[in-house]
Amino acid sequence: MQHWTDYWKNTNALNSFSEGKQGQGYQKDIADFWENQFKQITPSGTVVDLGTGNGAVAVLAWLFSKNNQLDWNVIGIDAANIDPRKLNLEDKLIKRSLNNIEFIANTPIETAPFQAGSIDAFISQFAFEYSDLKKSLQHCFNCLKPGGIISIISHHPKSHISYDSLIGEKVIRYILEESPAFMQTDLLLDIALQQTQAGQMHNWTKNPHKQVINTTLHWIFAQLTDKYSADADAEYWCKLTIGQIVNILKQVGTIDPLQLKRHLQQLYHNLVSHRLRLQDQNNACLSETRLEQIEEHCKTNGISLKVEEFYIEGKLFAFHLIMQK
């Protein structure tokens, strides 16, 4: 869970799409989808975003309530140590939204502090499937009011998001664990540090050890690029990762090598955490077996269930599960 806490605390994104406009909240098809879901919820009540992260879906819910003169108490819970109100955001409306949402950190879904029959709707995007399904479902069923709903978007094993995450995890793992890229980069920085301490950085370009390691690194990067060139997704992940190492190397001679070594160590840590998040996502996908478990648990508890595949621009995006008590 620490790798998720680190992510939410070190990004200004509201969700796990940290690049692009999606990071500041869901756009277009996803926002429209949630608006249609919100229309099914009672005008006055409590709406809980499960696995809220930095509050993307909770913000959509609060804005829908505000814009439609509804009286919703919006709550976001997460098993990670989140604190969305501390985000450094330029969008004043989103900041206002976050300040009007109650966030509960360090709280798995199955231990959410809600009374039986007290919740009008549970909502969740790419989060519920990470939990212990049986315990989480049972707890949510108990907390729902009669007629209350649970609306969930979950990772689909055949979606492009899942495929991309599977490839990304493999590429990052290989570069971290099997490629000597980080070891050689650290060695180069050690040599730069020694030369800096000796007051000889003006001769850096002529250092024979630097020249040898530079040649080695060029060869390593070329081998990695060639290894993943046949698949566009794998090539993207490879170039993204290599690019971050190269950015550190470009600063040798202008920034203290000791500081660059710290940057390299932090990059390694960030990539390990990213790989673990991707691994979690791959493991959380709703397989046929997990879907059957959900169907059986709903049936046992007298909960209606509808499962649909959700497409965006003609591409499979996720599963949508809608349950009602």
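Please treat every number below as a calculation from the coordinates, not as lab data. Just so we're clear, the structure is a prediction, and the values are computed from it rather than from any experiment. FYI the Cβ positions are ideal-geometry reconstructions off the backbone, even for glycines, and counts take in every protein chain you see.
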Inset, instruction - Just report the Cα centroid separation between the stretch 215-247 and the stretch 105-134, whole Å. - result: 40
Legend entry - Per-bin percent of Cα-Cα distances, the stretch 129-186 [5 Å]: 4, 14, 13, 13, 11, 11, 10, 8, 6, 5, 3, 1, 0
Inset, instruction - Pairs to check: Lys227/Lys261; Lys28/Lys325; Lys28/Lys66; Lys39/Lys325; Lys66/Lys145. Give those whose C-alpha atoms are more than 24 Å from each other in this structure. - result: Lys227/Lys261; Lys28/Lys325
Inset, instruction - With the Cα gyration tensor of the stretch 161-281 in hand, convert its eigenvalues to equivalent ellipsoid semi-axes via √(5λ) and list them largest first in whole Å. - result: 30, 15, 10
Legend entry - Extension gain (nm, one decimal) between Asn81 and Thr225, 0.36 nm per residue minus Cα-Cα: 48.2 nm
Legend entry - Virtual spin-label span in nm between His160 and Lys206, 7 Å along Cα→Cβ: 5.3
Inset, instruction - Name the residue farthest towards the positive end of the dipole of the stretch 55-115 from the options Val74, Pro113, Ser97, assuming +1 on Cβ of Lys and Arg, -1 on Cβ of Asp and Glu, about the Cα centre. - result: Ser97
Inset, instruction - Between Lys39 and Lys145, take the C-beta separation as r, use R0 = 22 Å, and let me know the FRET efficiency to the nearest 0.05. - result: 0.80
Legend entry - Cα-based radius of gyration of the chain once divided by 2.2 N^0.38 Å, which approximates compact folds: 1.19
Legend entry - Computed lengthening from Glu313 to Glu90, 0.36 nm per intervening residue step minus Cα-Cα distance: 77.4 nm
Legend entry - Cβ-based net charge around Ile109, under 12 Å, with every Lys or Arg adding one and every Asp or Glu removing one: -3
Legend entry - Förster radius 35 Å - calculated FRET efficiency between Leu176 and Glu295 (Cβ-Cβ, nearest 0.05): 0.35
Inset, instruction - Using per-residue counts of other Cβ atoms within 10 Å, averaged over each peptide, order 271-278, 239-246 from highest down. - result: 271-278, 239-246
Legend entry - Estimated FRET transfer efficiency when R0 is 30 angstrom, pair Asp132-Ser304 (beta carbons, to 0.05): 0.85
